[in-house]
Amino acid sequence: MTRAEIFLARGEDARLRAGHLWAFSNEIDTARSPLTSFAPGELVNLFDAKGQGIGTGYVNPHSLIAVRLLASEVDVAIDRSFFQERIRRAIDTRAHFGLARFSRMVFGEGDRLPGLVVDRYGPHLVVQVGTAGMESLRELIQGALIECFAPEGILYRNDLEARKLEGLDQRTSEVWGTVPERVTVEEAGLAFQVSPRHGQKTGWFYDQREHRTRVARLCVGRRLLDVFSYVGGFSLTALAQGAREAVAVDESEAALSLAIENAEANQLEVPRTIVADAFDALRMLAESGERFEVIVLDPPAFIKRKKDFRPGLLAYERLVGFAARLLVNPGFLVLASCSSHLGVDDFRGAFARGVRRAGRAAKIVDVGGQGPDHPVHPSIPETSYLKVLYGLIEER
């Protein structure tokens, strides 16, 4: 097998030897292996400065992450059988947790398939390809998905911002069979209709599954404010398990309309909905004197890039400050962050400062992360992105 070779600069192999899957452009010996000589997505063998093999991966000379590894040996055949084996391992991992039909079935680096995400909605798959390397391997991947899942349809939801950084276009396309405008998610005894083409992410947030159930237990007999509600996952799960009332806030009227439809289809009380910016809605609720016993804040990533860190951290702090003023004494405040650039200590600090802004005191009574269908690679801290704090907010 003849394959292009890339060499690391001296002393740049330790992190990769420890299991990390990324080699950055400033770690490459560009005199020995000039990145400009490679095509985006080209398969390569990666070596250390002494010529010892690191692994098989793919390269993108235009990306900060220059090489992403697929295997820990050189000259590994990257064919349909390779992807079938990796995908079957991922399926087996989910099966241990009873996550067979409604789950994230492939989670990029967490399943040693960097750049690939596969969400399963029963007989339908929604796929996101985020890198030039995986884009170049799409036909092999698609064949493996068909072999492993026998789906009725595969939809590529490739409108990711990350594709721009890889020099790829952004588009949504149906490539196998048929995926309807709406698909069903079954969770916690409920059936949610979601839109794989037009909804957020691939249509649903599987990573919050355990937290929707956990929050619902806190809401029995209580009033819930669900901010950044989307299609009502937290609200409806809580109502189904005994919440007294739920108020759902989101900027998207279409998302909240679907939340109402889902409530009606599951024969639940329909949550009150507020179409508004989250900060505006929280101010309005405070001015009208409303109070809640449980508030969930599940915003989009405020820190998408490192340069967003300071303003993003302040946004979490302000959000907590507004919400804490709306809680009874004592009341539960659940704050989530999907910002991979935000560490746990900084997240906790923003939570504490937000509580102080409101003139309140708090105890953190529980913490959590993503579910088992979003496995964390032990050598790649970036794969541990979801952070959830459960605070009990009291008077000072």
TODO: Out of the residues in region 284-333 that are of a type in the set (Asp, Glu) and at pLDDT 95 or above, state the one that is farthest from Glu210 (Cα to Cα).
DONE: Glu287
Task: Conditions (1) assigned by TED's automatic domain parsing to the domain that holds Ala259; (2) surrounded by fewer than 23 Cβ atoms within 10 Å (Cβ to Cβ); (3) in contact with a Pro (Cβ under 9 Å, 6 or more places away or on another chain); number of the one not met by Gly189 - done: (3)
TODO: Go through region 112-156 and count every residue that is within 21 Å of the chain's Cα centre (by Cα), farther than 14 Å from Thr172 by Cα and part of a loop (DSSP other than H, G, I, E, B).
DONE: 6
Open item on the list: Restricting to region 66-111, name every residue that is in contact with a helix residue (DSSP H, G or I) (Cβ under 7 Å, 6 or more places away or on another chain), over 30 Å from Ile6 (Cα atoms) and either outside any strand (DSSP E or B) or modelled with pLDDT under 95 (or both).
Closed with: Ile91, Ala100
Open item on the list: Exactly one of these conditions fails for Leu99: (1) out of contact with any Asp or Glu (no Cβ under 6 Å at 6 or more places or on another chain); (2) surrounded by fewer than 22 Cβ atoms within 10 Å (Cβ to Cβ); (3) not small (Gly, Ala, Ser). Give me its number.
Closed with: (1)
TODO: Determine whether Leu137 is crowded, with 20+ Cβ neighbours inside 10 Å, closer than 26 Å to Leu43 by Cα, modelled with pLDDT of 95 or more and in the same structural domain as Arg89 (by TED's automatic domain parsing).
DONE: yes
Open item on the list: Checking the structure you have, find out if any residue of region 334-354 is touching a residue at least 40 places away in the same chain (Cβ under 8 Å), surrounded by fewer than 22 Cβ atoms within 10 Å (Cβ to Cβ) and not hydrophobic (A, V, I, L, M, F, W, C).
Closed with: yes
Open item on the list: I'm checking my understanding of the structure. Among residues of region 16-39 that are touching a residue at least 60 places away in the same chain (Cβ under 8 Å) and surrounded by 13 or more Cβ atoms within 10 Å (Cβ to Cβ), which one is nearest to Glu109 (Cα to Cα)?
Closed with: Leu21
Task: Scan of region 282-315 for residues that are crowded, with 19+ Cβ neighbours inside 10 Å and either out of contact with any Phe, Trp or Tyr (no Cβ under 9 Å at 6 or more places or on another chain) or touching a residue at least 60 places away in the same chain (Cβ under 8 Å) (or both), ordered by number - done: Leu285, Phe292, Glu293, Val294, Ile295, Val296, Leu297, Asp298
Task: Matching entry among Ala246, Ala216, Ala240 (being under 15 Å from Ala188 (Cα atoms), assigned by TED's automatic domain parsing to the domain that holds Val275 and more than 23 Å from the chain's Cα centre (by Cα)) - done: Ala240
TODO: Give me a count of the residues in region 323-345 that are in contact with a helix residue (DSSP H, G or I) (Cβ under 6 Å, 6 or more places away or on another chain) and farther than 20 Å from Val247 by Cβ.
DONE: 3
Open item on the list: Residue under question is Ala240, and the condition is that it be aliphatic (A, V, I, L, M) and under 23 Å from Gly122 (Cβ atoms); does it hold?
Closed with: yes
- [ ] List the number of the failed condition for Arg223; all other conditions in (1) surrounded by fewer than 24 Cβ atoms within 10 Å (Cβ to Cβ); (2) under 23 Å from Lys201 (Cβ atoms) hold.
- [x] (2)
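The values are calculated or read from the model by the stated rules, or taken from the named source; none is laboratory data. No experiment lies behind these values; they were computed from the predicted model shown. Heads up, the Cβs are rebuilt from the backbone with ideal geometry, glycines too, and the neighbour counts pull from every protein chain shown.
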